[in-house]
Structure formats: structure tokens, C-alpha cells
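Okay, structure first, notes after.
FYI, it's all coordinate maths here, none of it is from the lab. Note that the coordinates shown come from a computational prediction; the quantities given were computed from them, not determined experimentally. So basically every Cβ, Gly included, is an ideal-geometry build from the backbone, and we count neighbours across all protein chains shown.
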Amino acid sequence: MNTHIIKKTQKKLILVFTLSLFIFSSTVFAQTAAKLTSTEEFGGKWGTKVKEAIEAMKLEGNIEDGAIIYEEICQACHQPGGNGDPGGNFPQLAGQHSTVIIKQIADIRIGNRDNPTMYPFANIEALRAATEDIFDEEKSGPQTLSDVSAFIQTLPMSSAIVGEGVDLEHGAEIYKENCVRCHGDHGQGDVKNYYPVIAGQNYHYLLRQFRWIKDGKRRNANPEMVKQISGFSERDMLAVMDWVSRQTMIAGDWDSKK
């Protein structure tokens, strides 16, 4: 067997074994955390208090190393280009703000966002351990997270999964009245305040997450958003998510200095 293939296989086995060690403890923690029902119970702030996440946001991500980490750990579910799957079971990560990636992983880790598939991957030390044989020098957990998040932000967005397109004018009006302040005028989000890029996201994923936020299932939602969308009708929800899924990012949208 080719030496490269052998090494690649060994890395995959190490990854599977390392991550499996964290599945049981992560699941037990998540079941306990699931009893908490609001952002307030996790600290009451929209940001994050997870030490490794805060540290990761202060580091400069190495995009080349991030590409290697992504290939080893993320692309099996989120696809090589970061565009997720057509059904929206796995979201488009491509083009997402690095700060948002870091915050969401931190939220999953502490049980503030339910995502059983991601529990073992969200453990930053597991992430570090699973990649320690890839690089010549060992990376810290926060650096690993910073690297892969920086790489994900550079991936070109190409999801074309949109709604039926029958009520876009209404969707645009709903968005203008309710969403612009946080998500920007075309869904570009806000890198400094963890507001995600929703422009061009998979329609089915957008719709499912919106329903979960509205129903209180997604506990790490911004409390202001939960209040803002509480009165949305089914028509409002379908229309605005369809409109958002058709928006595109423009130059400057990823600028953290804006």
C-alpha cells in the first residue's frame, strides 16, 4: 500500500478514536445543559464566556493550516467547499464570519446550543488532540479553532438552495422592518458582534433555524431576536427566509474594521 495512503489512514483512525473518547462525556454534559432554557441562564450575554473561544478570537488564524484542519475534520459533513448539503441538514459554512464560527462552536460545547452531531467536534481540546500529528509543532486548542475559522471565512459561497420565490416583495419588506439593524441591509451580518452571515444561506437550513429560535428550541439565540420575531406569521417567515437565501455578499462585508 502507498506510504501516503497508510499515513492518511492512520490519521483518520486516530481522529475517530480521539473524538470517540469525548462523545460520552459531551453527551452527558449536553443532557444536563439541556435543562437550561435561556441565554440568561448561561450568563445573560450575547457573547461568549468560554475561555478558549475568547482566546481564539484574539489570535490570528493561519488560513493554510486551517485548510488542513478543515479537510481532516469538517468536510465530511460540510463538504469540501463548505456548502453543506441540499437538504440543509448541514449548513453552508463558506463565507461565514470567523467570530461566528468560534462563538457557535463554544455555544455547542457548553450546551447552549443543541447539536449532538457536533458535540465531539466542539470540544476544543479534542480538536487539538485530533490534529496534533498533522503539524510539525503542536497547536493549542484555541489556535486550532482560530485557524479553521479563518479558513472557512475565505471559502466562496455557492449555495443555490432558495425558496419558491412567490412572495419576495413581502419578504423584503419584513426584512427591512425587522432584521436590518443586526444582520445588515442584505444579510451580511456583523463580524464584531457575532451576527452571522445569512445572505445566500441554504433556505431549508434558514427556515429550520428560524422555527427553532421562534419556538425557543435554540437556546443561544439573541434574546432581542426572539422577542422581535415572536409575532411573525407563517407567511412572514417563509417570505423573509426566501428573500434572505437569494442575497449575496459584496466586497467589504467581511471587514472587521467597519
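Observations
- Placed amide H near SER159: partners under 5 Å, 5+ positions off or other chain: none
- Other residues within the sphere of radius under 14 Å centred on the Cβ of GLU55, judged by their own Cβ, net out at +3 (K and R +1, D and E -1).
- Here the 3J(HN,Hα) profile of the range 94-102, calculated from phi with Karplus coefficients 6.51, -1.76 and 1.60 at θ = phi - 60°, is 3, x, 6, 4, 4, 5, 5, 4, 4 Hz, Gly and Pro shown as x.
- Within the shell defined by Cβ-Cβ distances under 14 Å, the residues around LEU168 carry a net charge of -3, with Lys and Arg each +1 and Asp and Glu each -1.
- For the residue pairs LYS58/LYS214; LYS58/LYS257; LYS139/LYS258; LYS214/LYS257, alpha carbon separations beyond 24 Å are given by LYS58/LYS214; LYS139/LYS258; LYS214/LYS257.
- Across the range 167-248, Cα pairs under 8 Å and at least six residues apart give a relative contact order of 44 percent.
- Prolate/oblate/rounded call for the range 168-245, Cα gyration tensor, a/c under 1.5 rounded: rounded
- Amide H contacts of TYR195 (H built 1.01 Å from N, under 5 Å, at least 5 apart or other chain): ASP190
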